[in-house]
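Notes to accompany the following structure.
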Amino acid sequence: MRKAEHLEYIQEVFLTNSEEGTALKRLAAFTLGLSMFAFTALAAEYKGYISDEKCGAKHAKDHNAKCVEGCVKGGAAPVFVTNGKVYKVDDADKVKDHLGHDVTITGDINGDTIHIESVSM
């Protein structure tokens, strides 16, 4: 099939309401939906606590909520600490009610940042 014929075939299939075109559109939509489901399945649960960038993992034993709240109020960004590692939080609003608390975060870690889908105590 020549390039022009191939292009005409694609246009005919996808730009008309033929049975073949409809079936391909459904297949494309299904594949897209499945890939989006697979992407959300990559999220994991992480247990740790919310600290601030100034103190980091310093509050590993005491989780001093007053210190964390004071540092965040003073301009330090909240961070998530798990297994001794400190991660930046991509959305500080999602953890503002959990400063200094043990939490379980559903999300994914990319480098030194955690993308938060949900937070629970």
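The values are calculated or read from the model by the stated rules, or taken from the named source; none is laboratory data. Not measured: the values here are computed from a predicted model. Note that each Cβ is placed from the backbone with ideal geometry, even for glycine, and that neighbours are counted across all protein chains shown.
Between Asp62, Asp93, which is in a helix (DSSP H, G or I) and without any contact (Cβ under 8 Å) to a residue 12 or more places away in the chain?
Selected residue: Asp93, the only one of Asp62, Asp93 that is in a helix (DSSP H, G or I) and without any contact (Cβ under 8 Å) to a residue 12 or more places away in the chain.
Looking only at residues that are among the small types (Gly, Ala, Ser) and in contact with a helix residue (DSSP H, G or I) (Cβ under 7 Å, 6 or more places away or on another chain) in the stretch 67-85, which one is modelled with the lowest pLDDT? For the stretch 67-85, the residue satisfying everything is Gly84. Total residues in the stretch 60-78 satisfying the condition of being surrounded by 15 or more Cβ atoms within 10 Å (Cβ to Cβ) and either in contact with a Gly (Cβ under 7 Å, 6 or more places away or on another chain) or of a type in the set (Asp, Glu) (or both): the figure is 5. A search for C-beta distances below 9 Å between a residue of the stretch 74-86 that is free of Cβ contacts under 8 Å to residues at least 60 places away in the same chain and any residue that is among the polar types (S, T, N, Q) and crowded, with 17+ Cβ neighbours inside 10 Å, counting only pairs 6+ apart in sequence or on different chains, returns Pro78/Ser51; Val79/Ser51; Phe80/Ser51; Val81/Ser51; Val86/Ser51.
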